[in-house]
């Protein structure tokens, strides 16, 4: 995580980094960010898209090892349980949980 934060700090301006910190690191939604930073909704989302584009390029082109894709960087290989096993013996881990069904209320048709 330190690499992610340091690279982001190094490549963003002060105002971009402040927005990045509030929205991406602290998880504030757009209403809180716009109020705290004194910007309107349109400018907020345009700034978020610029930050995503700028950092996406930086993370991909970082030398000697890129940080992109972030999931592989932080979690390691997650597609297969055993990398060294033969392909026929390799079990795949689902990329998302199975679909959950909501219970039906009594007396209502589906």
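The values are calculated or read from the model by the stated rules, or taken from the named source; none is laboratory data. Please read all numbers here as calculations on a predicted model, not as lab measurements. As a convention, Cβ positions derive from the backbone with ideal geometry for all residues, glycine included, and neighbour counts pool all protein chains shown.
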- Item | Condition check for residue 74: in a loop (DSSP other than H, G, I, E, B), at pLDDT below 70 and under 19 Å from residue 8 (Cβ atoms) | no
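Report, by residue number, each residue of the range 39-62 that is free of Cβ contacts under 8 Å to residues at least 12 places away in the same chain and assigned to a helix (DSSP H, G or I). Write out each step before concluding.
Going residue by residue through the range 39-62, those that are free of Cβ contacts under 8 Å to residues at least 12 places away in the same chain are 39-43, 46, 49, 52-53, 57, 60-61.
Those that are free of Cβ contacts under 8 Å to residues at least 12 places away in the same chain and assigned to a helix (DSSP H, G or I): 41, 42, 43, 46, 49, 52, 53, 57, 60, 61.
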- Item | Matching residues, the range 17-38, being surrounded by 11 or more Cβ atoms within 10 Å (Cβ to Cβ) and either over 17 Å from the mean Cα position of the chain (by Cα) or part of a loop (DSSP other than H, G, I, E, B) (or both) | 18, 28, 32, 33, 34, 36, 37
- Message: Every residue in the range 46-60 that is in contact with a helix residue (DSSP H, G or I) (Cβ under 7 Å, 6 or more places away or on another chain) and surrounded by fewer than 17 Cβ atoms within 10 Å (Cβ to Cβ), please.
- Response: 54
- Query: How many of the residues in the range 2-16 are outside any loop (DSSP other than H, G, I, E, B) and touching a residue at least 40 places away in the same chain (Cβ under 8 Å)?
  - Reply: 5
